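Read the structure below first, then the notes.
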Amino acid sequence: MKTFQLINPYTGEEGTAHPAATDEMIEQIVAAAHSEYNGGMNRDQVKERAAIVTRIADLLAERAAEFGEIIVREMGKPLAQAVGEVEFSADIFRYFADNAEAFLADEQIPAGAGTAWIRKSPIGPILGIMPWNFPIYQIARFAGPSIVLGNPVLVKPAQQCPESSAMLEALIHEAGLPVGGYQNVLADNDQIAKLVEDPRIQGISLTGSERAGAIVGAAAGANLKKSVLELGGSDPFILMSTDDMDATVEAAVAARIDNNGQACNGAKRFVIIDSLYEEFAEKFSAAMGAITVGDPMEESTELGPLCSVDAAKNLEEQVAEAVAAGATLRVGTGKRDGTKFAPAVLENISPENPAYTVEFFGPVAQLHRVASEEEAIELANATPFGLGSYVFTTDAAQADRIADGIDAGMVYINEVGADAPELPFGGVKNSGTGRELGSHGIDEFMNRKLVKRP
């Protein structure tokens, strides 16, 4: 039987093993969610639900340090980043609570005769299949708008994150949401497949791999259900000009090693105009090479371990394959030490190299030299992914042109780490479908019901 268990990637310490739920337990969970939707979570309770979500935000903010320590043990990110994740999650819940009435107000439609409006209402229980790399933030951006809207939430946490998800579930109930409104479901893959097919489940949100997204998206479509998929990314960091190279390099390093390099929207491919390539490459490589893997519980640690031995092995194999195909390592060995993986910088990556199009989920950066704006856009788009992107230039008109030319769901100009509750998050191509956060995030699992009268 599948178990959900914390295994500290830095120390190897094991937490309590939680067996997957039985089919009978899952039936009780779904029945409770369905009953809550039919009997309680209706559109007339928006103020009440917003008040509960505000309380969720308050409790999360109060307990950020406690949650942060659990996250460090589950997946290894530095403590300061883990606490920051929880604080940001509190901001997300608060954002949807503060804007609940505005987001869910009737939308008047000019009609040739009579009156018409869109009434915004929930659709029913929603299943969220959550990842390990942001155990609380990913849930917050899925669950916050769902609860405000009135959709009961079922959360399947990552296998290695049962403790943070259990603590969040208890907190949400403490804040006043009925048990049927939010429940964890420790389901295995076969049980998830049955949940997707269950007619009481009305939508599925997944954050994960391309493979998982393809499977879940196909199953949701076959059952005529809406799905939101946030998948991988190989985001470009394009540098065309700068009036402060040191600050630009600092931003580039932060964009690559944040979350131990395990962020879907982390900058992974650094596309540098020829005239700045050598200066950037030298300073960036020196900064990356100076970073060492440390104890994620220590305040001074910039980079913790990868989430698991398997993740470290996979990254090691990717780097070896890239080097075998002609790439060169400017920094690092590309070798793991258990779950520890020192930063590495690859260059001389040809379009024929497998590394040219794959995602490196860890502290490995690629350097690419380009001769023009057009070549930078072409290279940025030469990947099956289309999640985020970063453009650094002192020319505002050029920034707009590049932003228009990039096939991605998000473009950040002259900044990194600028995610905010009000900014929609999502991608195109193999990076998924749909949006989370912002007003667009609450629209995804909503019934926009037309009401018309003469």
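The values are calculated or read from the model by the stated rules, or taken from the named source; none is laboratory data. In this text, all values refer to a predicted model and were calculated from it rather than measured experimentally. Backbone-built Cβ (ideal geometry, glycine too); neighbour counts: all protein chains shown. The accessibility values were calculated without ligands, DNA or RNA, using every heavy atom of the protein model including side chains. Shrake-Rupley method; radii C 1.70, N 1.55, O 1.52, S 1.80 Å.
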Restricting segment 246-307 to GluC sites (Glu not before Pro) in coil, as DSSP defines it, with at most 12 other Cβ within 10 Å
298, 299
With a 1.4 Å probe and every protein chain kept in, tell me what percent of the accessible surface of the chain is carbon plus sulfur.
50 percent
The chain: calculated mean residue ellipticity at 222 nm from DSSP helix runs of at least 4, using -39500 (n - 2.57)
-13000 deg cm²/dmol
Can you give me the Cα centroid spacing of segment 347-419 and segment 114-133 in angstrom?
33 Å
Give the shape of segment 1-78 as rounded, prolate or oblate, defined through the alpha-carbon gyration tensor: a ≥ b ≥ c are the square roots of its eigenvalues, a/c under 1.5 means rounded, and otherwise the shape is prolate if a/b is larger than b/c and oblate if not.
oblate
Candidate residues 350, 275: accessible-area rank, largest first, probe 1.4 Å:
275, 350
Convex hull around the C-alpha positions of segment 281-394: the volume in Å³ per residue is 135 Å³
Just want to confirm a number: the relative contact order over segment 259-380, from Cα pairs under 8 angstrom separated by 6+ residues, in percent.
34 percent
Can you give me the convex hull volume of the Cα atoms of the chain, divided per residue and expressed in Å³?
151 Å³
Could you tell me the accessible area of residue 452 in Å² (1.4 Å probe, neighbours in place), rounded to the nearest ten?
110 Å²
Taking the Cα atoms of segment 226-285, what is the range of coordinates along each of the three principal axes, in descending order and whole Å?
47, 21, 16
Taking the Cβ of residue 371 as the center, what net charge do the other residues with Cβ under 12 Å away carry, scoring Lys and Arg +1 and Asp and Glu -1?
-4
Need one number: nm distance between label points at residue 28 and residue 218, each 7 Å from Cα along Cα→Cβ, rounded to one decimal.
3.5 nm
Fraction of the pair-distance distribution of segment 253-301 above 14 Å, Cα-Cα pairs, percent:
60 percent
Segment 155-199-segment 221-279 distance, computed between alpha-carbon centres (Å)
31 Å
Please give me the summed charge of the neighbours of residue 380: other residues whose Cβ is under 13 Å from its Cβ, Lys and Arg +1, Asp and Glu -1.
-3
Once the other residues with Cβ under 10 Å from the Cβ of residue 2 are scored (Lys, Arg +1; Asp, Glu -1), what is the net sum?
-2
Between residue 449 and residue 189, what length comes free when the chain is fully extended (0.36 nm per residue of separation minus the Cα-Cα distance, one decimal in nm)?
90.2 nm
Judged on accessible area alone, 1.4 Å probe, highest first, 423, 6 line up as 423, 6
Label-to-label distance, nm, for residues given as residue 397 and residue 47 (7 Å Cα→Cβ offset):
5.4 nm
What order do 428, 153 take when sorted by accessible area (1.4 Å probe), most exposed first?
428, 153
Under 20 Å Cα to Cα from residue 283, which aspartates and glutamates show up? Leave out anything in the same chain fewer than 8 places away.
243, 244, 246, 250, 258, 274, 302, 347, 415
